[in-house]
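K.L.:
Would you mind keeping the following structure in view while I ask a few things?
The values are calculated or read from the model by the stated rules, or taken from the named source; none is laboratory data. Model, not experiment: these values are computed from the prediction. In this analysis, Cβ positions are derived from the backbone assuming ideal geometry, glycine residues included, and neighbour counts consider all displayed protein chains. Ligands, DNA and RNA are stripped out before the accessible areas are found, and what is left, the full protein with its side chains, is counted by its heavy atoms. Shrake-Rupley method; radii C 1.70, N 1.55, O 1.52, S 1.80 Å.
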Amino acid sequence: MTNAQKSGTAKASGAVEVLRGALTSAGIVLPSLGVDMASPALNLINLGRVRADVALKLADAICRGRS
């Protein structure tokens with residue numbers, strides 16, 4: 001892994017933790033939330049699969065945040 005990839009992974013890891021904290025504050029848990037290690041240079045976050053009720057709760061939290 002190159003330094004740029006390591007830097008990207010560190011940025012993605014930080015973003016995951018910030019997002020996890022925000023979701024936790026909203027009472028939402030995404031069990032598969034994590035860094036996509038298959039493409040570290042792209043800084044991708046894997047949100048994973050969620051149940052329909054969790055997706056609706058997430059959508060509601062986003063809509064409330066836009067108000």
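K.L.:
Going by accessible area, probe 1.4 Å, with all protein chains left in place, what is the ranking of V16, V50, V35, largest first? Could you put the intermediate results ahead of the total?
P.N.:
Values: V16 5, V50 65, V35 40 Å².
Output order, biggest surface exposure first: V50, V35, V16.
K.L.:
Once neighbouring chains are kept in place and the probe is 1.4 Å, which whole percent of the accessible area of the chain is contributed by carbon and sulfur? Before the final figure, lay out the partial values.
P.N.:
Details: 2840 of 4710 Å².
The nonpolar share, carbon plus sulfur, comes to 60 percent.
K.L.:
What nm distance separates the two modelled labels at L58 and V18, each placed 7 Å from Cα along Cα→Cβ?
P.N.:
1.8
K.L.:
For the residue pair V29 and R49, what label-to-label distance in nm results when each label sits 7 Å from Cα along the Cα-to-beta-carbon direction?
P.N.:
Roughly 1.8 nm, to one decimal.
K.L.:
Might you tell me the accessible area per residue for the chain, computed with a 1.4 Å probe and given in Å²?
P.N.:
That works out to 70 Å² per residue.
K.L.:
Can you list the equivalent-ellipsoid semi-axes of the chain, largest first and in whole Å, using the square root of 5 times each Cα gyration tensor eigenvalue? Write out the running numbers ahead of the final one.
P.N.:
Numbers: eigenvalues 138, 30, 16 Å².
The equivalent ellipsoid of the chain has semi-axes of 26, 12, 9 Å.
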